[in-house]
Every structure is written in C-alpha cells, then in structure tokens.
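In what follows, a single structure is set out as structure tokens and then discussed.
The values are calculated or read from the model by the stated rules, or taken from the named source; none is laboratory data. On a predicted model such as this, the values are computed, not experimentally measured, just so you know. Here the Cβ positions follow ideal geometry from the backbone for every residue, glycine too, while neighbour counts run over all protein chains shown.
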Amino acid sequence: MKHTTLLWLGLAVLSAAPMAQAQIQQFYTTDAASDRLKIVDTAGSVSDVGALGFDTVNMDLAWHKGVLYGLDGANLYTISATGAATFVTSISYAGSAIPGEALASDGANLYAACGYGNLSSTWGTVDLTSGSTLGTLSPVGQFASDCDGAGYDGSQFWGIDLFVNGDNQNNYFYMGYPTPNTFAHAHNAYPGFTTLDENDIVASIGGVLYAVTSSGYLTEYSQASGSNLSTVSLSVTGNYRGLETVPEPGSMVFGMAGVASFALRRRLRPRKG
C-alpha cells in the first residue's frame, strides 16, 4: 500500500512539475547601456549572459530555425549562447540599406519591419541565402503608422506601435498574417512610465503577450483583450531592448520532480521505534 501511495504521489509530482515550471518565464533581452545579452524573467530577476561585442542602440530579437537573430538599425546579427554577436548582413531595399525596428519568424522566413525616420512601416521577408541577394527585404505588407516590435504566436504575427498619431497614453497591438496590420487592442501605459517605451514583444506563449520596456519593466497582456495581467520591475537597472524566449531544458522538470520525490520519500518513510 505504501508503495502504491508513493507511486501515485510521484506521478502527481511529475504532472505538477511543468505547471510549477510554467509560473516563471525566462526571456533573452539586450542592455544597450552595457551592450550585453541578458536573461530576465517574470519574477523580475536579471542575469548576465555575455558581451555582444559592439555598441548597440535598439536591438530586436527573434529565433529563426534554431538561431537567435538580432536586428540593430539596418544590421542583422546572429547571437551565440555566450552572448557574442556575429554580423551577417545589412538589410537593404531598392539597393540601399534600410534600418528596422522589428524582427520575427514564422519558422519558414525571417521578417522585419523597416523604414526611415523612426517609421518602420514596411514589413517583409529578409533573404538569408548567400550571394548578391543576401539581406534583401522583399515587402509583403505595409503598416498605417509604425511597428516597434513583433512576435509570432504560431498562426499569426503580432506587432506593437507606440505614440500612434501623437497618443502618448496608449500602446497599440496589431495582428495578422503575413502582415500584422489589423488593429487588435490598445493598452494604457503602466503608471510610472516616463514614456511609452515597450520595444519588443513575445507572442509564442499561449494567450499571452509579453513586452519589455527600455526603462526596466516586463509587462504581460491578455492576447484576447489587451488587459494588463502583470507588470514586473526588473531587479537591475538597464536600457532593455528586444525580447525573445529562452529555450526550456527538459532537465529542469526532471530536476524539480527529483527533489520533490526525494522529499516525499522522506515524509513517507516509517519512523523507527
């Protein structure tokens, strides 16, 4: 009977471990003040990964085919597990370099929002093949205003736009595929923000949109309504730019299950005497 009870408890721990793990989400971001790759989480913790190796300004991050890419101005980089950035190419359109603010992937293609004068209004795919076309932007759609950050939820893209038509009280979410230019909802700036400075979003976690602010907050919104679910102040001051998920190793779940199972065995062990 004791063995049966322990077996069922062990199975319960294994099933509960992913739920406990899901309570804290980890994300990559960059700190433009120190030019380093960081990991932040929904508890507000910040940890250092390593130096990017160049002077960053407004980096946007995206996973594409197992590689972490960063877009800073017109320059596209790959970023290693140690934080080191390697220059790939400059994004170009009509034969000239064109800066971008948003980067996202649908798994098949890498997309960027590019433009001039702080108006990244052209959305297109980035050519990653070698040769003369490397870095060429092929437009697939336009934004009415701007796209300051983007993410993909598995079926469509999401974009975020700040300071729309002079509105300094709200940020605007857009959605769609292949171009996220259909208005979804707006949300108020979190009290304490000196500016609306959310600059990248993650949409790949079911039903939730995460955003990072350059002033040091990690925000969480309902994908359906845009309502604020959480706003966490990051523990280390920085100028945070870009947001992308950190892959979750399966060993974390087994590690948690192992610790909990050990504790259960100790509690179920019969006392002597």
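Points to keep in mind about this one:
- In region 85-105, the residues that are under 22 Å from Leu119 (Cβ atoms) and among the aliphatic types (A, V, I, L, M): Ile91, Ala94, Ala97, Ile98, Ala102, Leu103, Ala104
- Of the set (1) among the small types (Gly, Ala, Ser); (2) modelled with pLDDT under 95; (3) out of contact with any helix residue (DSSP H, G or I) (no Cβ under 8 Å at 6 or more places or on another chain), all apply to Gly70 but (2).
- Restricting region 1-28 to residues that are in contact with an Asp or Glu (Cβ under 8 Å, 6 or more places away or on another chain) and under 30 Å from Asn58 (Cα atoms), the residue that is modelled with the lowest pLDDT is Ile24.
- Count - residues of region 241-255 that are among the hydroxyl-bearing types (Ser, Thr, Tyr) and at pLDDT 95 or above: 1
- Taking region 25-78 and the strands (runs of 3 or more DSSP E) fully enclosed by it, the elements with 3 or more residues that are crowded, with 19+ Cβ neighbours inside 10 Å are at 26-31, 36-41, 59-64, 67-72.
- Within region 79-112, tally of residues that are within 16 Å of Val57 (Cβ to Cβ) and part of a strand (DSSP E or B): 10
- A Cβ distance below 6 Å, combined with a sequence gap of six or more or placement on separate chains, defines the contacts here; from region 56-74, residues that are closer than 25 Å to Ala94 by Cα and free of Cβ contacts under 8 Å to residues at least 40 places away in the same chain reach residues that are of a type in the set (A, V, I, L, M) and in a strand (DSSP E or B) in the pairs Asp72/Met59.
- Verdict on Thr129 being part of a loop (DSSP other than H, G, I, E, B), among the β-branched types (Val, Ile, Thr) and in contact with a Phe, Trp or Tyr (Cβ under 6 Å, 6 or more places away or on another chain): no
- Inspection of region 142-165 identifies at least one residue that is assigned to a helix (DSSP H, G or I) and at pLDDT below 90.
- Residues in region 172-189 that are surrounded by 16 or more Cβ atoms within 10 Å (Cβ to Cβ) and either of a type in the set (A, V, I, L, M, F, W, C) or not in a loop (DSSP other than H, G, I, E, B) (or both): Tyr172, Phe173, Tyr174, Met175, Gly176, Ala184, His185, His187, Ala189.
- Thr194 vs. criteria at pLDDT 95 or above and among the polar types (S, T, N, Q): no
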